[in-house]
Amino acid sequence: MAASSSSAATVKPSDHSSPAEETEEETEFCRGFKDADAFVKHGLGAVVAATKASAALPAAGDEFDLYRSFPAFQQFCASQGDRLLHCMSQIMQHHGCRSHMRDRNRLTGLEDRFDLVVDSNDAVLEKVGILLDEASGVSRTQQPVMPAGYQPPKIVVSSWNRRNVPCEEETFHLLHAKNIQRPQLKFKDKVDNSNTPFVSKIFIKPNAVKPLPSYFANKHIRKERPEDLDVPAALVDFIHQQRTKEHVDDMFSHPYQYELDHVVMPESLKCKPEVQMYKPLAESTCQFINTLDDLVALNEKLAKVSEFAVDLEHHSYRSFLGITCLMQISTREEDFLIDTLELRSEMYILNETFTDPAIMKVFHGADSDIEWLQKDFGLYVVNMFDTHHAARCLNLGRNSLDHLLKVYCSVNSDKRYQLADWRIRPLPDEMLKYAQADTHYLLYVYDRVRADLYDTGNSQPTLIQQVWAKSRDLSLKKYVKPIFTEDSYMELYRKQKKSFNTQQLAAFRLLYAWRDKLGRENDESTGYVLPNHMMMKIAEELPKEPQGIIACCNPTPALVRQQINELHQLLKQARETPLLKVCPTSFGPHDISRSSESDFLDLSSFGCYVSFVFEEEEEAAAAPAHLTVAQQKAHSIMGSFENPFRMYLPSKDIHISKNAKYDPSSKIYEVYDVGEEIPEQDFKPFDYSQSNFKIFAGKTSAFFLSFFICIFFFDWCFQGTVFIACIFFHR
């Protein structure tokens with residue numbers, strides 16, 4: 001810097017300068033430099049000189065500490081440091097960056113100052129890059145060419161301490177109801193959280209081609225549920241199985257299986273549709289339906305139209321199986337919002353229109369909607385069109401509804417209330433508008449995607465028929481109720497990819513069963529009772545005191561605080577389990593994670609691995625004799641994976657002597673004829689006092705013993721070489 005200033009000072013124009021000199025001065029790139037190359041050359045030399053000077057400074061450590069002990073060196077460093085910081089602050093202010101380099105407040109640490117320098121360097125270099133691009137003729141403002149339908153992803157900043165407020169479209173409102181009365185208490189039909197398979201709620205079948213089975217038609221057969229009886233919980237499953245044994249096929253079949261198998265695609269889908277424009281959302285009427293009369297009137301309106309759009313709002317955090325809180329239905333003229341919490345028992349009325357094959361039902365992403373309709377209302381869908389599958393067939397890049405609204409309607413969907421609690425009553429106006437918009441544009445999108453499918457298929461309805469067939473298969477989907485078994489916890493354990501010992505695994509099993517039972521009894525989700533990560537933490541730590549259980553949960557769930565003593569007893573029971581190492585999950589034929597911890601405890605009863613191999617052979621011999629030849633071969637192949645040493649074991653007609661484990665002089669196995677009774681063997685410990693140990697004494701005996709060991713070693717090496725050669729030639 002000093003060199004540049006001195007050089008600049010030497011170049012001073014005289015008072016009597018000629019006109020040629022004045023012209024030359026006016027054409028200078030910078031004071032003292034004719035062009036940019038001279039300026040860059042001088043600047044590069046200054047940077048190199050500064051780098052050499054900095055390298056000559058005392059290195060950090062003992063050398064610097066020695067110089068630092070002199071007061072003159074300290075004063076020089078302080079003065080030069082202030083000067084450099086002042087220059088850096090001026091440069092940063094010139095480029096519009098924050099500059100607090102001379103702030104010596106202790107609260108502003110070295111890391112903060114370093115971040116300021118890094119940010120300033122980025123800003124300066126960004127400006128330099130922009131100017132160089134403009135000088136070379138490259139414009140950064142030109143938008144790149146993107147394919148049709150492409151929408152760049154939005155960056156949503158989720159920092160909790162960010163000072164600047166983001167735009168309104170990128171904020172999410174997590175509305176939840178405090179101290180709300182649980183809607184399950186108002187339901188006329190009690191929520192079935194029993195550990196039994198799901199049985200459809202349908203009892204009347206509109207638009208039936210095949211009549212409804214007698215089990216669903218006769219209410220007295222299914223009126224009493226096992227959970228309504230005053231019986232122990234352990235007998236509920238048994239009573240349910242005995243009562244419904246003769247109706248098993250009807251109970252778990254799809255009521256509209258026959259109708260869906262024989263439904264034919266409507267003729268209106270085989271030609272290119274005429275796109276009907278939607279009404280503006282502000283001009284459309286929206287009716288909120290929460291009475292039976294209004295629901296019946298809506299069903300009559302839907303019976304007169306040829307298509308309508310459907311969507312659902314679901315809540316799953318404060319319910320074991322989840323509850324459908326709101327249904328949105330839109331026609332070409334009106335929008336309807338149905339309070340399904342109030343009309344839960346009367347929603348079956350809509351089966352008249354939902355199962356009518358002459359009326360098209362338009363969904364978007366109906367995978368979960370189909371299951372929720374069956375679970376909560378007993379509603380089924382015949383003749384459906386899923387716009388999600390249409391978007392996938394068109395390869396639009398993104399298949400979400402908000403992307404389709406952006407592409408076809410130029411509407412930015414409002415997702416601020418996507419995480420709201422839809423049990424709130426009365427619903428705020430913002431949530432009502434959000435729910436109405438989900439289906440208001442869906443019929444227009446339905447027309448547009450059909451037109452695009454028709455054009456993409458070369459004016460043939462092939463792609464439309466493909467999407468309609470996938471939607472029909474989706475209508476055949478049946479709701480499957482989560483069933484708790486003794487090995488249910490292993491599925492979650494394998495997903496966590498952690499290795500537990502037997503005590504930790506026992507604690508995890510007990511906690512999983514406790515959580516499932518409490519969730520079913522109180523109709524709370526397992527995530528509300530005890531989240532997975534907290535349950536894994538408790539099982540891993542195995543706290544010995546109740547305070548340790550609470551310390552593993554942050555924040556502590558309400559039911560955990562209420563049941564803290566019971567949880568303490570469960571962990572105490574788990575710690576009493578014999579401690580054994582459990583191998584990590586391998587997800588293969590030898591995957592021990594698919595067995596319970598009781599399988600690992602049985603290993604302690606085996607005297608040695610040889611007895612374990614022999615007992616495996618005895619279990620394999622106990623295979624069912626009525627299997628076919630192919631099934632017997634498959635059984636033997638699977639057995640070889642369970643026990644790879646089975647091929648080296650004796651045949652089934654050979655009796656394995658149990659005394660061989662303890663008496664070296666006895667035979668390992670003896671051959672008996674088929675049908676011959678195997679004599680009982682009394683175990684007698686071997687008397688080692690009668691053994692002749694003199695054979696191990698003397699040089700001759702040692703020589704022969706070494707000779708036999710060498711022969712055995714060379715034989716083993718020869719067999720290994722032959723085995724490797726066979727593998728090599730086989731490949």
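Here, each number is a calculation from the coordinates, and none is a lab measurement. For clarity, every value in this text was computed on a predicted model and none was experimentally measured. Cβ coordinates were reconstructed from backbone atoms using ideal geometry, including for glycine residues, and neighbour counts include every protein chain displayed.
Relative to the present Cα-Cα distance, how much length would full extension add between Ala469 and Phe288 at 0.36 nm per residue of separation?
Values: separation 181, 0.36 × 181 = 65.16 nm, distance 3.32 nm.
Answer, rounded to one decimal: 61.8 nm.
Taking amide hydrogens as modeled 1.01 Å from N in the peptide plane, which residues meet the under 5 Å criterion relative to Ala420, leaving out close sequence neighbours?
Answer set, sorted by chain and number: Leu175.
Given the pairs Lys272/Lys304; Lys301/Lys478; Lys201/Lys477; Lys495/Lys537; Lys415/Lys495; Lys497/Lys517, which are separated by over 19 angstrom at their Cα positions?
Details: Lys272/Lys304 23 Å; Lys301/Lys478 28 Å; Lys201/Lys477 15 Å; Lys495/Lys537 15 Å; Lys415/Lys495 31 Å; Lys497/Lys517 25 Å.
Among Lys272/Lys304; Lys301/Lys478; Lys201/Lys477; Lys495/Lys537; Lys415/Lys495; Lys497/Lys517, the Cα-Cα distance tops 19 Å for Lys272/Lys304; Lys301/Lys478; Lys415/Lys495; Lys497/Lys517.
Go through 48-56, 469-477, 571-579 and give me the packing order, highest mean Cβ count within 10 Å leading. Intermediate results must be reported in sequence, preceding the final value.
Numbers: 48-56: 9.3, 469-477: 17.1, 571-579: 14.7.
Highest-to-lowest ranking by the protection proxy: 469-477, 571-579, 48-56.
If you rank His86, His315 by fewest surrounding Cβ atoms within 10 Å, what's the result? Numbers along the way, then the final one.
Working: His86 13, His315 19.
Final ranking by Cβ density, sparse to dense: His86, His315.
Which order do the peptides 207-215, 442-450 come out in when sorted by mean C-beta neighbours inside 10 angstrom, highest first? Mind showing how you got there, number by number?
Working: 207-215: 14.1, 442-450: 22.3.
Sorting 207-215, 442-450 by mean packing, highest first, produces 442-450, 207-215.
On full extension of the chain, what length is gained from Lys481 through Leu419, given 0.36 nm per residue of separation minus the C-alpha to C-alpha distance?
Details: separation 62, 0.36 × 62 = 22.32 nm, distance 2.43 nm.
Value of the extension gain: 19.9 nm.
Ranked from highest to lowest mean number of other Cβ atoms within 10 Å per residue, what is the order of the peptides 184-194, 293-303, 493-503? Walk me through the numbers before you get to the answer.
Details: 184-194: 13.2, 293-303: 15.0, 493-503: 16.5.
Ranking the peptides 184-194, 293-303, 493-503 by packing returns 493-503, 293-303, 184-194.
Relative to the present Cα-Cα distance, how much length would full extension add between Ser488 and Gln547 at 0.36 nm per residue of separation?
Working: separation 59, 0.36 × 59 = 21.24 nm, distance 2.82 nm.
Difference between extended and current length: 18.4 nm.
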